[in-house]
Amino acid sequence: MSEKLRCDVAVVGAGHAGVEAAAAAARLGCDTVLFTLSLDGIANMPCNPCIGGTGKGHLVYEIDALGGVMGRAADMATISSRMLNESKGAAVRSKRAQTDRRKYKAVVTDILKGMAKLRLVGAEISGIETADGKITALTTKLGDRWECGAAVLCCGTYLCGTVHVGGIHYSSGPDGTLAANALSGALCSLGVRMMRFKTGTPVRVSAKTIDFSRLELQSGEANPIPFSKRTPENYLSDKIETPCHIVYTNEKTHEIIRKNLSRSAMYSGNIHGTGPRYCPSIEDKIVRFPDKERHQLFVEPMGEGDDETYISGFSTSMPTAIQREMLHSLDGFESAHITRNAYAIEYDLCDPTELDATLGFRKIRGLYGAGQFNGTSGYEEAAAQGLVAGANAALFVLRRPPLIVERASSYIGIMIDDLVTRGVSEPYRIMTSRSEYRLFMRQDNADERLTPKGHDAGLIDDDAWEAFLSRQERTRREISRLASTVIRPTADTNAALCSLGTSPIVSAAHADELLRRPEVSYEVLTSLTPAPEGLTRAEALTVETEIKYEGYLKKQEAAIKKAARAEGMKIPEGIDYGCVRGMRAEAAAKLSERRPLTVGQASRISGVNPADITALLIYIEAERRGRAAKND
């Protein structure tokens, strides 16, 4: 008799979503199996060798605040780091780290292998078994049957993946890996609505064939603050930076593209999936912005000692000969050698409106989705979803309350809410502009916003929790100290203030009052009133931001509380929307299909207007009064 294969939580796919999902489930104590087509592909970075960026950096800090893997691994693999939007203020400041691609994969793999409750299995999942509307087992292409209590699908771009280069197209996953061709059919047979998207990867070039002297140098910042609170704050200060460079397309490049546009898979009619608006191919850029004389491209190293270089912004599906011609038209790339050609890839995904706020399928209990499978684009978006989906799969098995990350609490919450209520018509990318409360949702206070929730769910262990409480206490103490510290109008003090371009003080002032001046930073202030020992640079940044923007933050907190009253109003379970008087049939149908948890979620569903929400509120109140009357 064959051995029965079983686990509590099964995770399909070991990209950035799958890694976080498996790690979260294992941290919660569930016996977890992570399935991957290749054990060599764990945490692969096929699109670019970076973590973070505008909006995306916020997600990495939030993942870390919930105990995730990405921030810690990125710190260990960082070769250069920059803080984007530094001059635009604390709300939109975003960290971006250039990483060593191979080292990142190795660090993540070691973290996973070190988890007692996690097993890695190289296999393609081809079937899903259910009973009474609940997942019961997964089957592999080789015939193994794995019973499971819950499963998370993190299929990335592998699901029925098709690579396109010019007029050539073939079944493949990213970077020449195998595609997963059986699972889409299994999902369709379960009634899951499927969609098809497209993304692309630029050429990789041998660094020794590039004339870097003709490129623009882009250096990173000195002594950057890490992503993870578990990384020693000065860990990156002694790192030898591997810088990036910038090159620009020119009229010759554009002419080559225009002349060969019909040979691009994007414009020949071979590709039918929708591509990412915010990461278009170079062909798209030339067509959409015909008057633009040049486009900026980033020349990014793939790692320390790695000869391969990634040309960010040079994504294309042109034939290989045209790719070489395009590349050789760039200054400094006349003799450049392509190590890996660019390609476009189409892949299957689910319609994310089939999921609820836990990222679980409404019609199949115990089955969850995360990452590009849900219609997003980017490592960071995938990892954030994976963490939430993996945690909820484990909590489902453990029969504990789910982890719901609210829209008003985080960019993770915004992304999930957008996906499950509004759906996607193109690959979704997080942006700071998607937040109604940007000043509240900063990188520096991600742990304050999310670590208590992570601790309640069991994702944050006691040591990490105590470290969090200590950070919070140090920050509170320093804000209080500055509010009570008096600085007198001495000659030295006024000389320091005047040198900054701000007016001198004529009478004693509290330290926090001076810090509210735009010209005065916390670093300058500590020359007038020394900082306490033990306060880290990250904590000092939070102190400065909280004091400088105190008035604005209070307004946003008040707005959040006001919105929360409607946002948090629960919709009765099992409500028959067809019985809601005054609600349009279209809205009733949409709400019956999506089953939102709250009135706030219902209000963001396409096809539901304010009058429908008013009718819903009246119905909920009438039902409440009816129940109260019965109880009396």
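The values are calculated or read from the model by the stated rules, or taken from the named source; none is laboratory data. What you are looking at is a predicted structure, and each value in this text was computed from that prediction instead of being measured. So basically every Cβ, Gly included, is an ideal-geometry build from the backbone, and we count neighbours across all protein chains shown. Surface accessibility is based on the protein's heavy atoms, side chains included, excluding ligands, DNA and RNA. Shrake-Rupley method; radii C 1.70, N 1.55, O 1.52, S 1.80 Å.
At a glance:
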{"read-out": "Meets criteria (over 30 Å from Leu367 (Cα atoms), in contact (Cβ under 8 Å) with a residue 24 or more places away in the chain and open to solvent by less than 10 Å² (accessible area, probe 1.4 Å)) for Asp100", "value": "no"}
{"read-out": "Matching residues, the range 17-27, being open to solvent by less than 20 Å² (accessible area, probe 1.4 Å) and either under 22 Å from Lys453 (Cβ atoms) or among the β-branched types (Val, Ile, Thr) (or both)", "value": "Ala17, Val19, Glu20, Ala21, Ala22, Ala23, Ala24, Ala25, Ala26"}
{"read-out": "Restricting the range 322-352 to residues that are part of a helix (DSSP H, G or I) and in contact (Cβ under 8 Å) with a residue 40 or more places away in the chain, the residue that is nearest to Phe373 (Cα to Cα)", "value": "Pro352"}
{"read-out": "Subset of the range 362-390 that is in a strand (DSSP E or B) and open to solvent by 10 Å² or more (accessible area, probe 1.4 Å) - its residue that is nearest to Leu66 (Cα to Cα)", "value": "Tyr368"}
{"read-out": "Residues (assigned to a loop (DSSP other than H, G, I, E, B) and either touching a residue at least 40 places away in the same chain (Cβ under 8 Å) or at positive phi (or both)) located in the range 576-604", "value": "Gly582, Arg595, Pro596, Leu597, Arg604"}
{"read-out": "Residue in the range 67-87 that is modelled with pLDDT of 95 or more and farther than 30 Å from Ile311 by Cβ present", "value": "yes"}
{"read-out": "Residue under evaluation Gly133, criteria (1) over 26 Å from Leu359 (Cα atoms); (2) touching a residue at least 60 places away in the same chain (Cβ under 8 Å); (3) surrounded by fewer than 18 Cβ atoms within 10 Å (Cβ to Cβ), criterion not met", "value": "(1)"}
{"read-out": "Neighbours by Cβ (under 9 Å, 6+ apart or cross-chain): first from the range 197-226, on the phi > 0 side of the Ramachandran plot; second outside any loop (DSSP other than H, G, I, E, B) and open to solvent by less than 10 Å² (accessible area, probe 1.4 Å)", "value": "none"}
{"read-out": "Hey, Val524 at pLDDT below 95, assigned to a helix (DSSP H, G or I) and farther than 30 Å from Gly275 by Cα or not", "value": "yes"}
{"read-out": "The range 111-123 residues that are surrounded by fewer than 17 Cβ atoms within 10 Å (Cβ to Cβ), paired with ones that are assigned to a loop (DSSP other than H, G, I, E, B) (beta carbon under 7 Å, 6 or more apart)", "value": "Gly122/Ser38"}
{"read-out": "Of all residues making up the range 494-520, the number that are open to solvent by less than 40 Å² (accessible area, probe 1.4 Å), in contact with a helix residue (DSSP H, G or I) (Cβ under 7 Å, 6 or more places away or on another chain) and part of a loop (DSSP other than H, G, I, E, B)", "value": "2"}
{"read-out": "Some residue of the range 241-264 being in a loop (DSSP other than H, G, I, E, B) and without any contact (Cβ under 8 Å) to a residue 40 or more places away in the chain", "value": "no"}
